[in-house]
1. Show me the ranking of peptides 6-15, 100-109 by mean Cβ neighbours inside 10 Å, starting with the highest.
2. Leu6's amide H: which non-local residues (gap 5+, or another chain) put their own amide H closer than 5 Å, with H modeled 1.01 Å from N in plane and none for Pro or chain starts?
3. If the reach is capped at under 14 angstrom between alpha carbons, list the aspartates and glutamates near Lys121, excluding any in the same chain fewer than eight residues apart.
4. Could you tell me what a quarter of the Cα convex hull surface of region 2-49 works out to, in nm² with one decimal place?
5. What distance in nm lies between label points placed 7 Å from Cα along the C-beta direction at Trp18 and Glu122?
6. What's the FRET efficiency of Cys11 with Asn86 using the Cβ-Cβ distance as r and R₀ = 22 Å, to the nearest 0.05?
Amino acid sequence: MIKYELKCRACDHQFEGWFVDSAGYDAQAAAGEVLCPFCNSADTGKAIMAPNIARSRSSDDASSNGDVRAQVYEAMRALRAEIEANSDNVGKSFPEEARKIHYGETEERAIHGEATLDEAKELVDEGIDVMPLPFRTETDA
Ligand SMILES: [Zn+2]
């Protein structure tokens, strides 16, 4: 058996699921059988794993572990709200826009959007600061 941290893309809730193995998860996910326990959406996926901070050392207190997770979740929501309120969503043209701003070809402003790992590496190589965000953002693209 294998345990996955899963995330609902419809309501943003994280939950845990047990599967026979990774292929078992893939099969159930492909069949639309991995449902969100909160809103019943099948639009779910594996969440990014976070280190189990509170459980890793002296404490195995499940409630304090839950507090840490809730705090991280809240901090991420706040960060997301802040970013979406204060920067332009340029969607898939993020690498292009980031370059234009870096080279002074357009007005300097905060932007967020999508880039592949390779695109992000290229930007960093060119000396352009990019920061990965721990969530998906809505995009028009
Ligand atoms: Zn849900």
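All of the numbers you see were taken from the coordinates with simple rules; none came from a lab. Computed from a prediction, not measured in an experiment: that's the story for all the values here. Virtual Cβ from ideal backbone geometry, glycine too; neighbours counted across all protein chains shown.
1. Ranking, from highest mean packing down: 6-15, 100-109.
2. Amide H neighbours of Leu6: Phe15, Glu16, Gly17, Ala47.
3. In chain and number order, the partners are Glu96, Asp129.
4. 2.9
5. Here the modelled spin labels are 4.6 nm apart.
6. 0.35
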